[in-house]
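Enquirer: Please find one structure pasted underneath; my questions will follow.
Where a number appears in this text, it was derived from the coordinates with a stated rule and is not lab data. Remember, it's a predicted structure, so these values are computed and weren't measured experimentally.
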Amino acid sequence: MSNSTFATYHPIINFGFFCGVIGLGIFLMHPVFLAVGMAASLIYALMLGGKGTLKFFLSFMLPVILLIIVINPIFNSRGDTILFYLGSNYVTLEALAYGMCIAFMLASVIMWFSCYNNIMTSDKFIYLFGRIMPAISLIFSMVMRFVPNYKMQIKKISDAQKCIGRDVSNGTVMQRARHGAKIISVMFTWALENAIDTADSMRSRGYGLKNRNTFSIYRFDRRDAAAGIVMLAAACVVIAGAASGKCSIEFYPNIVMTEMDAFGIAVYAAYLVLCFFPIAIEVKEVLTWRLMQSRI
């Protein structure tokens, strides 16, 4: 469970926010939108995950970004502005710019999903969709828990095997392979038993029945209503700007962007408000807490 202040908002506010920033982030390829989305997603992910997120970004995301930026102009020769030649191929400014935009779009979406995993717990997802589609919501919540649960369980199995000298670091190559296969076999057995136990437990509790009552700690209050209005208004402005083509960009054969005007600036500002909304909430909470401490 995240200790984020934004996580204490109603689940529909959390889910709506991530649907908005991820959905818009996929389709908006303008550099301003990409820069705002990348900055907001990285800052918020660092606020939620700390050093672990920084290590993930530097060790995985940054190499992926650089790889996409390098590969796209090498294999894509579209564009009129030639920068230099690589043998018989040439690298164009348009292909390089498009690769950069694709890389930052992909990175920002992945970082938003990492924030989603911290904020949207399985109980929130089941609360939102349990009555509408009980089976699918249960499966989705279980899938979201597979990776962390399996990582913890396989570590437990590996530690137990290590105590009896059957770890993958002990013995010859063939013995290590047999030890690894044993650990995987135990892991699969545990996974199947856990799936059966979960299914039996949910069935015995009447999950999915029409008249089944559910306990919920979530209440939609004025704070949630205010947050919903702000995010919905910002998203509507961004969608209106994207639909009108005020903030569009063309990469091929030449880079062409629409001219900046007052409405375009308003669209950029609305997207900034939407993406940095949870960050502003966290900063406000920290400042309020420090102010209260200073008055004691």
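Enquirer: Which semi-axes, in whole Å and largest first, does the equivalent ellipsoid of the stretch 150-296 have when worked out from the alpha carbon gyration tensor as the square roots of 5 times its eigenvalues?
Expert: Over the Cα atoms of the stretch 150-296, the semi-axes work out to 50, 29, 23 Å.
Enquirer: For the chain, set up a GNM with springs between Cα atoms under 10 Å and report which of Arg203, Arg176, Arg78 has the largest fluctuation.
Expert: Residue with maximal mean-square fluctuation among Arg203, Arg176, Arg78: Arg176.
Enquirer: Please grab the % of Cα pairs in the stretch 61-116 that end up more than 14 Å from each other.
Expert: That tail contains 54 percent of the Cα-Cα pairs.
Enquirer: Can you compute 3J(HN,Hα) from phi for each residue in the stretch 16-22, using the Karplus curve 6.51 cos²θ - 1.76 cosθ + 1.60 with θ = phi - 60°, rounded to whole Hz and x for Gly and Pro?
Expert: Listing the rounded values in order: x, 4, 5, 4, x, 6, 6 Hz.
Enquirer: Over all Cα pairs of the chain, how is the pair count split among 10 Å bins, expressed in % and running from 0 up to the last occupied bin?
Expert: 5, 19, 24, 23, 17, 9, 2, 0
Enquirer: Compactness ratio of the stretch 22-77: Cα Rg over 2.2 N^0.38 Å, N = residue count?
Expert: Here the answer is 1.30, to two decimals.
Enquirer: While we're here: When the chain is treated as a GNM, springs tying every alpha-carbon pair under 10 Å, which of Pro73, Pro253, Pro31 comes out with the largest mean-square fluctuation?
Expert: Maximum fluctuation in the GNM of the chain, among the listed residues, is at Pro253.
Enquirer: Still on this structure, I have one more. State the Kirkwood hydrodynamic radius of the stretch 1-103 in Å, one decimal place, computed from all pairs of distinct Cα atoms.
Expert: With all distinct Cα pairs of the stretch 1-103 included, I get 16.0 Å.
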